[in-house]
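The values are calculated or read from the model by the stated rules, or taken from the named source; none is laboratory data. Note that the coordinates shown come from a computational prediction; the quantities given were computed from them, not determined experimentally. Cβ sites come from the backbone with ideal geometry, for glycine too, and all protein chains shown count toward neighbours. These accessible areas exclude ligands, DNA and RNA; they are computed on the full protein's heavy atoms, side chains included. Shrake-Rupley method; radii C 1.70, N 1.55, O 1.52, S 1.80 Å.
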Amino acid sequence: MRILNGVLAALLVLFAAVQWNDPDGPFWMVVYGAGAAWCLIAALRPSAFASGALAGLFWLCLLAAIGGMAWFWPQVTDWWDISVWWPEVTGETSREGMGMMVLVVFLLAVAVVVRRAR
């Protein structure tokens, strides 16, 4: 799990880095950065989650990410089709929704570590 969470942290840092030219880039940099931080803690110091406060904060962040996934869920039909990703109008909402889905999946990997530490 340490290696997996380390790889996931690196991916989220890359996700944050490519947001530099996005109009709402700072928001997504914070979102992906927070996910990267949780993955990094799970990779480098999983025993830190034995603390009830840190574990509770993680669960709140996971709930917020799930709420964000519901909020940003693509309203476009066939949002998983690559041809929908590139047009500006439909693509932006599809990419943002998929970004939140990816974040939730990555945080679920951290949740496994949190459960084991508790």
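The residue pairs whose first member lies in region 49-66 and is open to solvent by 50 Å² or more (accessible area, probe 1.4 Å), whose second member is not in a helix (DSSP H, G or I), and whose beta carbons are closer than 7 Å, counting only pairs six or more residues apart or on different chains, are 50/118.
Any residue at all in region 8-26 that is among the aromatic types (Phe, Trp, Tyr) and either touching a His at 6+ places or on another chain (Cβ under 6 Å) or open to solvent by 30 Å² or more (accessible area, probe 1.4 Å) (or both)? So far as region 8-26 goes, yes, one or more of its residues are among the aromatic types (Phe, Trp, Tyr) and either touching a His at 6+ places or on another chain (Cβ under 6 Å) or open to solvent by 30 Å² or more (accessible area, probe 1.4 Å) (or both). Residue-level check: of (1) within 18 Å of the chain's Cα centre (by Cα); (2) modelled with pLDDT of 85 or more, residue 116 misses just (1).
For residue 29, the conditions (1) crowded, with 16+ Cβ neighbours inside 10 Å; (2) closer than 18 Å to residue 62 by Cβ all hold with the exception of (2). So is residue 105 open to solvent by less than 30 Å² (accessible area, probe 1.4 Å), at pLDDT 90 or above and closer than 20 Å to residue 37 by Cα or not? Answer is no for this residue.
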